[in-house]
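All remarks here apply to the structure that follows.
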Amino acid sequence: MSDLMRQEGFDYAFDPSACSTCQGKCCTGESGYIYVTKEEIEKISDLLHLDVREFVAEYLFKKGYKYSIKERIHNESHECVFYDRETNGCTIYEARPLQCKTFPFWDYFKTRVDELKLECPGIIND
Ligand code: SF4
Ligand code: SF4
C-alpha cells in the first residue's frame, strides 16, 4: 500500500496505488458530467495543439451554461473521451480539469462514503 492521502474535513483516506488496477472506474462507467472552465479549456487546447474553437467542437458539449467533456460508449460503459484503456490513463493528465484532480475528495461524498466506495476501490475508512 502506498502513502495514503487525506484531506481535512473528510472521514476517509485514499490509497492512490489502487489506480493501477482499477481500470479507471472514475473515468468510465455511468454517464456523468466532466465540467471544464474557460481556463481549463484553454489549457487542454494548448496541450492538444488545437485551436480553442476546434477543441470545443470536437470534445465538449454544452450542459446549461457550462461545458462538459464528451463520452464514448464501450461495452455499455460511458467513458470520458480522454480515457485510454490501453494505458489505463488520462491522455490530458497534465491539463485535466479540477473536477478530476480533486476526486475522490468532493464535498458531495463527505456524507456519501458508501456510494464513493462502490466507485473507487482506493477509499479507506479511517
Ligand atoms: S476510481 Fe479511484 S482507484 Fe480507480 S482510478 Fe479513480 S481514483 Fe483511482
Ligand atoms: S479528463 Fe482524464 S481524469 Fe478526467 S475523466 Fe477524462 S480521462 Fe478521467
statement: With a ≥ b ≥ c from the Cα gyration tensor eigenvalues, square-rooted, and the rule rounded for a/c under 1.5, otherwise prolate when a/b > b/c and oblate otherwise, the chain is prolate
Mean separation of Cα contacts under 8 Å (6+ apart) over length of the stretch 1-96, as relative contact order %: 27 percent
- prompt: Against the longest alpha carbon principal axis of the chain, how many degrees, from 0 to 90 and to the nearest 10, is the axis of helix 38-47 turned?
  reply: 80 degrees
- request: Beyond 18 Å between alpha-carbons counts as too far, so tell me which of LYS63/LYS117; LYS63/LYS101; LYS25/LYS62; LYS25/LYS70; LYS38/LYS70; LYS62/LYS110 fall in that bin.
  value: LYS63/LYS117; LYS63/LYS101; LYS25/LYS62; LYS62/LYS110
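Taken together, the values in this text are just the output of simple stated rules run on the coordinates, not laboratory data. Only a predicted model underlies this, so the values are computations on that prediction, with no experimental measurement involved.
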